[in-house]
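Below you'll find the structure, written out as structure tokens, and then a few comments.
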Amino acid sequence: MLSLTCGRDQYGVPVISGAKLEQFADEMIGDFRPELLKSPQPTDIEQFVECYLRANLEVRPITVTHSILGVAVFNEGLVPVYDRKKGGLVALDVPEHTILIEEGIYNSREPGRFNFTLAHEASHLVCHDGVSIGNGVQCRQMDTGAVIMCRPEGERYPKFGQKTPVDWMEWQADYFGAALLMPRRTVQMAIEQILFNAGCLGGECGKREVCRSPQLFVHVSEQLSRIYRVSKTAAGIRMENLGYRNPRK
């Protein structure tokens, strides 16, 4: 398995740009399954987690309110999870490199939501092993290492200069997770085909049209969500990260 090489801050959080995350995601996808970079198709993120990262995946209730969607555990230890029978939190003994996914997401019949949550947690395992940060709502430092708890839905990131180390980790996991699920080079291929099928010009002309037309932006994001088995929201954000400005904002 490839390792992320970059500078790190005093807490061990990577100091890395979106462009570098894109490059590393391409390298890792190519190492996992090179064919994923040749044509638009969904990434089997469960296979990536279990076979490539060799991580342990468990689906179970995490909190009674479903406020935590996933947990990335780096080293063997005890993690608090919700037990329905006991009606409260219990300590779950998990092996190293474990990802816990909230059972409600798995059972929601929204595969895109599950896929992105799993990709996000996988990104923590790839990018944030070795972080050393104080206890908080989303990152708990334990004797065995860091346990990252992710994340209330609808959370917005602060502006650049106001991000905490945990904010940066969440941003990196979102960005890298999206790049794993939707590799940039095949997304460009997919958008060109979608525009052609819609009777639109491709290239820079097509890009400008997508950025001008709310209806076309929505159409492209909906088609991408079907191709890559992600949510329409995730597809739209991915388009924005690749330079397709959302005209509705």
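The values are calculated or read from the model by the stated rules, or taken from the named source; none is laboratory data. The structure displayed is predicted, hence computed values, not measured ones. Every residue, glycine among them, receives a Cβ derived from its backbone with ideal geometry; neighbour counts consider all protein chains shown. Surface accessibility is based on the protein's heavy atoms, side chains included, excluding ligands, DNA and RNA. Shrake-Rupley method; radii C 1.70, N 1.55, O 1.52, S 1.80 Å.
Some notes on this structure:
- The residues in the range 221-249 that are open to solvent by 50 Å² or more (accessible area, probe 1.4 Å), part of a helix (DSSP H, G or I) and either on the phi > 0 side of the Ramachandran plot or among the hydroxyl-bearing types (S, T, Y) (or both) can be counted, and the count is 1.
- Scanning the range 173-220 for residues that are touching a helix residue (DSSP H, G or I) at 6+ places or on another chain (Cβ under 7 Å), in a helix (DSSP H, G or I) and among the small types (G, A, S) yields A173, G177, A178, A179, A190, G206.
- You will find that of G154, G134, the residue that is at pLDDT below 75, under 15 Å from the mean Cα position of the chain (by Cα) and open to solvent by 10 Å² or more (accessible area, probe 1.4 Å) is G154 and no other.
- Entry remark, the range 88-113: residues being open to solvent by 30 Å² or more (accessible area, probe 1.4 Å), among the acidic types (D, E) and in a strand (DSSP E or B) number 1 in total.
- The one condition from (1) at pLDDT below 95; (2) within 29 Å of K207 (Cβ to Cβ); (3) among the aliphatic types (A, V, I, L, M) that M142 does not meet is (2).
- The set of residues from the range 1-43 being open to solvent by 70 Å² or more (accessible area, probe 1.4 Å) and under 28 Å from E102 (Cβ atoms) comprises M1, Y11.
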